[in-house]
Amino acid sequence: MSKLIVLSNRVSLPNPDKPAAGGLAVALQDALTETGGIWIGWNGEVISNNTDYDSTKQSTVHPAQPQFDKIIDGKIEYLTCPLTQNQYDQYYSGFANNTLWPAMHERQDLITYNQDEFDTYQQVNALFARQLKAIVQPDDVIWVHDYHFFSVARYCRELGMDNQIGFFLHIPFAPLSIWQCIPTAERLVQDLCHYDLVGLQTDHDQSLCMQACTTLLKAQKIQHSLVSYQQRITTIKCYPIGINPAQIQQMAKKHANDRQDVFDLKALKHQKTIIGVDRIDYSKGILERFDAFAEFLQQYPQYHQRITELQIACPCRMDVLAYQRLFKQVNQTVEKINAKFAQHDWLPIDCTHDVVPHETLMGLYRLTDICWISSLRDGMNLVAKEYIAAQDPDNPGVLILSKYAGAAEQMQQALIVDPTDTQDMVNALKTAVEMPLQERIQRYQQLMQGLTNFDINDWRNQFLNDLRQNHQLENFKQPMRAVNATYQLL
Ligand code: GDG
């Protein structure tokens, strides 16, 4: 029977003391259990360059393979390997997080391009392709995740693999003007066309991806979601990632009354509370949100001591300069706003950098009045969906959601804001604080319906069904390939 092989940069390893909390990890594990499967990726360790499999000392075409550790848990096999320091610096911190991440989030000012980093990115992609080749059976289906692996399918094809290979991009897809800032843009988009199916978060991303293929490569658009390039046909389609609303609702209800160590919610009982949950990343618009909150306090002094913003802000990618800088700015801004507005024992912003346990976070969502998402660009933003699912149906909170988060395409009943427009955010916050119960319930019910209509399992099943059914597309593809071959002779 055809099994599923998942490749992602990080792997969610089984831990008997701590079951996987993230919706994505659970959804992928469920899929892998269904047919039996393998999950491959980096184990998070960084080792010295002087190991005998330091691929930088080998040729690009055949770098030596690292040792993959194997863990078997039920029907799932986990295969993980470390990265060398050089791979970590150049592939992960470098090309993935210093070139592709800012590019896809339209931060042209933060894009750096370095040819060595691109080469190492390719080497790491080739390394994982070789590992796939070593374990794959002819009818297995491969699902590759995210911007770390734009090029894996190219190497798989070069190794003679004919399997169905799908790719899902969790982050936004860049517009053409940004792609044109990357010297190897054409090559990367070509690499993408070696996948059978490319999944994106939103319709907007789908059309940008289609445009990159047809403009940069002059690929032929066959149908709304089919593109043909050099005798290969790739499906490019939108699959908005979801959550498990029923599970979150239950968990939030169960944990809403837990003792709270994160924030002193008892002391805030008579206040309106806003929750913000973000990795400290420039794409999340954290500073824009703080500035708008300060402006709200400036314009509406009647809310002093009556509203508090609770911020969970986990630092990440601290090896990258832009992230170090932002971490400092976040702390300075919190200090500045608190120093300006604090009264008696009231601090307008309570910010923690600790990682909060999953159940606690779901409980916290339920206890807070407003969730404020101000991403400047975001693939989806799962916090928006989790917050709604966690609400008390009889007394739900209000979601303020950036129009630049992928979630805004589906969650139009939220208060949609432009995070670059401070006054727009101030107005939305005022509306949220004063929204009557009936309107909150109405918006909540519509939003919850949307979450239930297409949840995380639908997302996974639809992607995998399309990928598996791609085989049936072969009948359609054969004549198309013939047409393409003729076309290329002309
Ligand atoms: C990428 C794309 C896309 C956060 N802090 C804590 C914690 N979290 C959890 C949240 C949520 C997740 O992390 C964050 O999800 P996002 O969707 O907001 O963002 P990214 O990490 O940037 O993820 C994004 C996503 O992929 C999925 O496709 O939506 O656009 O950038 O689940 O709950 N969880 C716990 N403690 C914390 O302190 N337990």
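Mean residue ellipticity at 222 nm from the helices of the chain, using -39,500 (n - 2.57) per DSSP H segment of n ≥ 4 over the full residue count, to the nearest 500 deg cm²/dmol?
The helix-only estimate for the chain comes to -13000 deg cm²/dmol at 222 nm.
For the Cα atoms of the chain, what angle does the longest principal axis make with the long axis of helix 456-489, in degrees from 0 to 90, nearest 10?
Tilt relative to the chain: about 40 degrees.
Out of the total accessible area of the range 74-153 (probe 1.4 Å, heavy atoms of protein only), what percent is carbon and sulfur? Provide the component values of the computation, followed by the final result.
Numbers: 930 of 2260 Å².
Answer for the range 74-153: carbon and sulfur cover 41 percent of the accessible area.
For the pairs 284/403; 253/385; 133/218; 336/385, flag any whose C-alpha to C-alpha distance is greater than 19 Å.
Distance filter (> 19 Å) returns 133/218; 336/385.
Modelling each spin label as a point 7 Å along the Cα-to-Cβ direction, I'd like the residue 47/residue 73 distance in nm, to one decimal.
The answer from the label model is 2.2 nm.
Let me know the charge dipole size of the chain about its Cα centre in debye, to the nearest 20, where only the beta-carbon of Lys, Arg (+1) and Asp, Glu (-1) is charged. Write out the running numbers ahead of the final one.
Working: 42 positive and 55 negative charges, 106 e Å.
Dipole magnitude for the chain comes out near 520 debye.
Leaving out ligands and nucleic acids, and using a 1.4 Å probe, what accessible area per residue does the range 321-479 come to in Å²? Let's see the in-between values first.
On the way: 7090 Å² over 159 residues.
On a per-residue basis, 45 Å².
How far is helix 358-367 tilted, in degrees, relative to the longest principal axis of the Cα atoms in the chain, given as a value from 0 to 90 rounded to the nearest 10?
40 degrees
For the range 203-297, what does the accessible surface come to per residue with a 1.4 Å probe? Please give it in Å². Before the final figure, lay out each step's value.
Working: 4270 Å² over 95 residues.
Per-residue accessible area for the range 203-297 comes out at 45 Å².
With each label point set 7 Å from Cα along the Cα-Cβ vector, what nm distance links residue 453 and residue 431?
Once both label points are built, they end up 2.1 nm from each other.
In terms of modelled amide H atoms, which long-range or inter-chain residues lie less than 5 Å from the amide H of residue 11?
42
Projected onto the charge dipole of the chain (+1 at Lys/Arg Cβ, -1 at Asp/Glu Cβ, origin at the Cα centre), which of 241, 122, 343 gives the Cα projection farthest towards the positive end?
241
Could you list which residues have their amide H under 5 Å from that of residue 39, counting only those 5 or more apart in sequence or on another chain, with H placed in the peptide plane?
Amide H neighbours of residue 39, under 5 Å, 5+ apart: 6, 77, 78, 79.
As I understand it, the value is the acute angle between the Cα axis of helix 321-341 and the longest principal axis of the Cα atoms of the chain; what does it come to in degrees, rounded to 10?
Orientation of helix 321-341: about 10 degrees from the principal axis.
The values are calculated or read from the model by the stated rules, or taken from the named source; none is laboratory data. Quick caveat: nothing in here was measured; it's all calculated off a predicted structure. A quick note on method: Cβ atoms are made from the backbone with ideal geometry, for glycine too, and the neighbour counts reach across all protein chains shown. These area figures cover heavy atoms from the full protein model, side chains too; ligands, DNA and RNA do not enter into them. Shrake-Rupley method; radii C 1.70, N 1.55, O 1.52, S 1.80 Å.
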